[in-house]
There are 2 protein chains.
Amino acid sequence: MARLPVYLRALNGLAERGIATVSSEDLAASAGVNSAKLRKDLSHLGSYGTRGVGYDVDYLIYQISRELGLTQDWAVAIVGVGNLGRALANYGGFASRGFRIASLLDADPEVVGDRIAGLTVEHIDKLESVIRERDVSIVVIATPATSAQEVCERVTRAGITSILNFAPVVLTVPDGVDVRKVDLSIELQILAFHEQRKAVGAAGGPGGSAQVGPGIGPGAGNEWAEAVEA
Amino acid sequence: MARLPVYLRALNGLAERGIATVSSEDLAASAGVNSAKLRKDLSHLGSYGTRGVGYDVDYLIYQISRELGLTQDWAVAIVGVGNLGRALANYGGFASRGFRIASLLDADPEVVGDRIAGLTVEHIDKLESVIRERDVSIVVIATPATSAQEVCERVTRAGITSILNFAPVVLTVPDGVDVRKVDLSIELQILAFHEQRKAVGAAGGPGGSAQVGPGIGPGAGNEWAEAVEA
DNA sequence: GTCCGTTTGTGAAGGATTGCACAAAGTCAC
DNA sequence: GTGACTTTGTGCAATCCTTCACAAACGGAC
């Protein structure tokens, strides 16, 4: 389920505040979902709750982490050390979830050799050897659009089957390779869409400033979160 | 519809290559969706296609842009000029879609006064006056988690009803305020989940390296894209 | 041990989304 | 103008997801 990471963050927040057990109702509120949905999601992992009491926070964190594969160490390589690559390299939330940045790579000789987040930027020529020798299993592409497909082909040939793509292109990959894309402008576009709706609704509509249109989402708090430390 | 921005990007790609008309089949392939779904989505905006021919690329771009409210100019303020704030400020894809960055704000005196992407970083004290005087309608929060809620409250009091949140917290907002959150680590967690599944599948499962589990998504290309220029 | 309040886990209903399949509508060649 | 071919727009069935509602299970008080 794509909601497990959201639950995991909510749980981590509770754990930091020293809360030992939590009911589905409270956890659902923290995560911004319906409590029945949360219970059904969690029941797919097994029966880790205690009726009459709730869920043990630490135990549930462990179980979800295990389900998501976060109990093991994942070596990640970031290709493209522009502004975004730097932001990702400095992001503290990766290491705490088992993601270890094994390498930063770039094609620009101006950037190669820079030290960022404790790592020295390496030349893209070393891409294949880095993947092989450091057991990299996930590659983050933060290059310009023009280079993304080429990088993609090189890493898939090197055996990578998981790619996180920030470049504004649709990557073509062989079967069995999993690509996820992150777009920063699409979120803004969706906000603009709602903002426009509020405007026309206020002008002639029936209700005034409604939250969001039906079918779009349950309103504020229905989407992922977590970010790069500024 | 949350898929319109995806179609829009696919269309822009076609327009750049000089393609004047496109069939639902081809456009659906570019966007990574089913062609019937695409036609149904587009039919909700009106009948802009020509049977036997397809859709006029430029006209469809205009219609979708209008529907999304991208034909007007949106003034955006970015609060928090760390690595991510900088990456967003330098992102070229905003301006081309009608998003104009009206201000960069930060609390750190070290950063205030820096020139980034043609703008001078302003002090957070000016938040309210900037919103008022420059007609800002969307605020991007790229601050550390600890400051996000405070910034959120200030901007909502200043009349903002659309917030894009990159900080790793769930923001509490009044009714009528629309918040979207972007998480960079959740995408990695989902990749790790699939990667782990492939591993256990190869060990004892029936199929080998299946694309993704059922119910998660149709595979590569099912999620947003577009990014910060590296 | 028994009773009572609380909370989980899940069957069932309801609603939304998806994809097939096809009629209606258009272009193009001649 | 006519016929063949292409493509849109949409009714319909199937599927997925969500939410309600409630029985089973647990802890705690006495």
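Read-outs: derived from the displayed coordinates by stated rules, not from any lab. In this text the structure is predicted, and so the values were computed from the model without any measurement. Ideal geometry is used to build each Cβ from the backbone, glycine not excepted, and the neighbour counts take in all protein chains shown.
Derived scalar couplings between HN and Hα for the range A:105-114 equal 10, 8, 8, 7, x, 5, 8, 4, x, 4 Hz in order, rounded to whole Hz, by the Karplus curve 6.51 cos²θ - 1.76 cosθ + 1.60 (θ = phi - 60°), x for Gly and Pro. Compactness of the range A:4-68 is given as radius of gyration and Dmax, 10.3, 27 Å, from Cα positions.
Dividing the summed -39500 (n - 2.57) terms of all DSSP H runs of n ≥ 4 by the residue count of chain B sets its mean residue ellipticity at 222 nm at -12000 deg cm²/dmol.
A simple rule links phi to the HN-Hα coupling: the Karplus curve 6.51 cos²θ - 1.76 cosθ + 1.60 with θ = phi - 60°, which for the range A:76-93 gives 10, 10, 10, 9, x, 10, x, 4, 5, x, 5, 4, 5, 4, 8, 6, x, x Hz, with x for Gly and Pro.
In chain A, Cα pairs under 8 Å separated by at least six residues give a relative contact order of 15 percent. Sorted from shortest to longest, the distances between the residue B:44 label points of this copy and the other copies are 2.4 nm, with each point 7 Å from Cα along the line through the beta carbon.
Site pair residue A:172 and residue B:51 shows an inter-label distance of 3.3 nm when each label is modelled 7 Å from Cα along Cα→Cβ. For residue A:140, the residues whose modelled amide H falls within less than 5 Å of its own, excluding neighbours fewer than 5 places apart on the same chain, are A:77, A:78, A:79, A:164. Label-to-label distances for residue B:159 across copies, nearest first, come out at 6.0 nm, using points 7 Å from Cα in the beta-carbon direction. Taking a straight line from the alpha carbon of residue B:126, these lysines sit under 26 Å away, with near neighbours fewer than eight places off in the same chain left out: B:181. Add +1 for every Lys or Arg and -1 for every Asp or Glu among the other residues with Cβ under 11 Å from the Cβ of residue B:41, and state the total. Once all neighbours under 11 Å are counted, the net charge is +3. Who wins for biggest fluctuation among A:32, A:82, A:118 in a Gaussian network model of chain A, springs between alpha carbons below 10 Å? Residue with maximal mean-square fluctuation among A:32, A:82, A:118: A:118.
Which FRET efficiency, nearest 0.05, do residue A:71 and residue A:133 yield, Cβ-Cβ r, R0 30 Å? Kindly include the intermediate steps, with their values, before the conclusion.
Numbers: r = 24 Å, r/R0 = 0.79.
Approximately 0.80, to the nearest 0.05.
The spacing between the range B:121-190 and the range A:133-180, judged by their C-alpha centroids, is 31 Å.
Among residues of chain B, the one whose Cβ lies closest to the rotation axis carrying chain B onto chain A, together with that distance rounded to whole Å, is B:87, 3. Sorted shortest first, the separations between the residue B:15 label point and its copies elsewhere in the assembly read 4.7 nm; each point sits 7 Å from Cα along the Cα-to-Cβ line. Cα-based radius of gyration for chain B, normalised by 2.2 N^0.38 Å, reads 1.20.
With only Lys, Arg, Asp and Glu charged, each at its Cβ (+1 for the first two, -1 for the last two), find how big the charge dipole of the protein assembly as shown is about the Cα centre; round to the nearest 20 debye. All intermediate terms of the calculation are to be shown ahead of the outcome.
Working: 42 positive and 54 negative charges, 240 e Å.
The dipole of the protein assembly as shown has a size of about 1160 debye.
If you average the C-alpha positions of the range B:1-56 and of the range A:19-69 separately, how far apart do those two centres end up, in angstrom? Comparing the Cα centres of the range B:1-56 and the range A:19-69, I get a distance of 41 Å.
Which whole number of Å³ per residue matches the convex hull of the alpha-carbon atoms in the protein assembly as shown? Let's see the in-between values first.
On the way: hull volume 74.0 nm³, N = 460.
Convex hull volume per residue, Cα atoms: 161 Å³.
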